[in-house]
Amino acid sequence: MPRALLALSIGAFGIGTSEFVIMGMLPQVADDFSVSVAAVGILISAYALGVVIGAPTLTALGVRFTPRQTLIGLMAVFTVGNALSAAAPTYETLMAARVITALAHGSFFGVGAVAARGLVAKEKGTQAISLMFVGLTLANVIGVPIGTFVAQQLSWRLVFGGAAAIGLVTIAGLVAWMPRGAGAPTDLRQELGAFRRRQVWLTLGVTTIGFAALFSVYSYVSPILTDLSGMGESRVVFVLALFGLGTTAGTLLGGRLGDRYGFVFVTVGLLATTALLVVFTVVVVNQVAAVVLLVLFGAITFSGGPVVQNRAIEAARVQGGSLVSAANQGAFNAANALGAALGAATLDAGWGYRAPMWVGAGLALLGAGLSVVALRSQRAETARDAATPVEAPTETPAPLRAA
């Protein structure tokens with residue numbers, strides 16, 4: 001594995017920890033600032049707003065620089081944001097610091113995915129992206145539980161200070177290991193022109209709808225397990241750790257199989273998700289079966305993440321493709337919002353905790369149908385390209401590999 005991929009994975013781990021650990025520190029932060037837990041919960045929304053603003057804005061500003069320069073700059077923003085969070089004297093300052101931190105989130109993953117592909121041979125592009133993304137899944141398995149423990153026993157400020165330290169380690173890794181010639185500045189008009197392509201929008205659609213199935217269920221996994229499976233709250237924490245391990249294994253598996261089977265792998269995965277959630281509605285009353293299916297659910301859904309990310313970059317058909325890559329990160333966030341909202345709507349309607357599973361099954365099936373449309377469109381496009389004579393072949397530079 002190129003060492004530059006390790007630096008990207010460490011950065012993803014830091015970003016994931018910083019994003020999700022706040023959910024486990026709400027009481028401590030609320031007590032420190034003498035505000036309600038609900039008020040601190042708004043910090044989660046503020047972070048999401050920062051991601052939405054930062055992903056397109058900072059990526060567009062970064063096209064004039066090399067991916068190496070952009071990634072170092074983004075991680076500097078992340079580090080400063082976490083340092084400010086650790087030292088925040090007031091609630092309002094902490095909110096501003098969280099927004100600053102979030103600005104780097106979507107752009108780092110978008111530009112990082114493009115950089116990761118450039119470090120390996122083309123046929124291993126999805127695997128390279130998965131090795132970066134696995135840092136994000138490990139954040140939920142390792143970073144968030146440790147951060148929550150530190151916040152409870154010592155101070156929540158130490159957690160953000162630790163995230164800033166991870167940012168510094170990432171910067172050092174990028175400076176030392178990311179090749180200076182890994183990628184080149186691109187043209188903003190060319191990057192924006194990629195959004196005229198049908199394949200780009202189909203891929204973004206699959207990400208938004210297909211992955212909303214994950215969040216429609218996972219957003220309510222705790223009450224599903226306690227109310228339907230009869231599981232104690234202490235066991236739920238253990239199950240969530242197993243779910244995190246499943247997502248990590250799925251991300252790595254998707255990287256390997258995605259390079260071999262391409263977007264077909266996503267279609268099969270979404271169909272499998274549909275079937276699994278239907279079965280889940282029946283066996284959820286059995287604790288062992290519920291845990292097994294939940295771990296499989298995490299593994300299958302996350303296995304498609306690196307594949308759609310790689311597909312978005314390929315669909316752009318421009319040098320770089322970082323703007324489309326960042327847009328796909330925005331699509332993941334849209335999937336989060338869509339899935340959680342639809343699940344909430346069914347619960348508000350009084351349909352019970354099985355309803356989000358049916359919502360997830362329907363979304364996964366819709367996503368699979370859209371992926372079939374994308375596959376057919378891709379094949380038709382490939383056939384047209386093959387029938388069009390090429391006047392002058394363009395030489396494609398060999399990928400740069402880090403030591």
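The values are calculated or read from the model by the stated rules, or taken from the named source; none is laboratory data. Here the structure is a predicted model, which means the values were calculated and not measured. Note that we place each Cβ from the backbone using ideal geometry, even for glycine, and neighbour counts take in every protein chain shown.
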Check: Just one of Ile15, Ile44 is surrounded by fewer than 17 Cβ atoms within 10 Å (Cβ to Cβ) and not assigned by TED's automatic domain parsing to the domain that holds Gly255; which is it?
Finding: Ile44
Check: For the stretch 189-216, what are the residues that are farther than 20 Å from Asn310 by Cα and surrounded by fewer than 16 Cβ atoms within 10 Å (Cβ to Cβ)?
Finding: Arg189
Notebook entry, point to check: Here are some residues: Leu214, Leu168. Which one is within 18 Å of the chain's Cα centre (by Cα) and in a helix (DSSP H, G or I)?
Noted result: Leu214
Check: Hey, any hits in the stretch 335-353 for a residue that's at negative phi, under 18 Å from the mean Cα position of the chain (by Cα), at pLDDT 90 or above and not assigned by TED's automatic domain parsing to the domain that holds Thr66?
Finding: no
Notebook entry, point to check: Tell me, which residue of the stretch 47-80 that is of a type in the set (Gly, Ala, Ser) and either surrounded by fewer than 20 Cβ atoms within 10 Å (Cβ to Cβ) or without any contact (Cβ under 8 Å) to a residue 60 or more places away in the chain (or both) is nearest to Gly106 (Cα to Cα)?
Noted result: Gly54
Notebook entry, point to check: Can you pull out the residues in the stretch 340-369 that are among the small types (Gly, Ala, Ser), under 19 Å from Val279 (Cα atoms) and not in a loop (DSSP other than H, G, I, E, B)?
Noted result: Gly343, Ala355, Gly360, Ala361, Gly362, Ala364, Gly367, Ala368
Note to self: Go through the stretch 121-135 and report how many residues are at pLDDT below 90 and within 13 Å of Gln309 (Cβ to Cβ).
What the structure shows: 1
Notebook entry, point to check: How many residues are in a helix (DSSP H, G or I) and either outside the structural domain of Ser325 (by TED's automatic domain parsing) or surrounded by 15 or more Cβ atoms within 10 Å (Cβ to Cβ) (or both) if we restrict to the stretch 217-234?
Noted result: 8
Notebook entry, point to check: Do the conditions hold for Gly135, that is, is it in contact with a Ser or Thr (Cβ under 6 Å, 6 or more places away or on another chain) and either assigned to a helix (DSSP H, G or I) or farther than 29 Å from Gln319 by Cα (or both)?
Noted result: yes
Notebook entry, point to check: Across the stretch 190-222, what is the total count of residues that are more than 18 Å from Ala315 (Cβ to Cβ) and not hydrophobic (A, V, I, L, M, F, W, C)?
Noted result: 5
Note to self: Looking at the stretch 255-278, I want the residues that are under 23 Å from Leu5 (Cβ atoms) and have a partner that is small (Gly, Ala, Ser) and part of a helix (DSSP H, G or I) with Cβ atoms under 6 Å, at least 6 apart or on another chain. Which pairs are those?
What the structure shows: Gly255/Ser130; Phe265/Gly258; Val266/Ser371
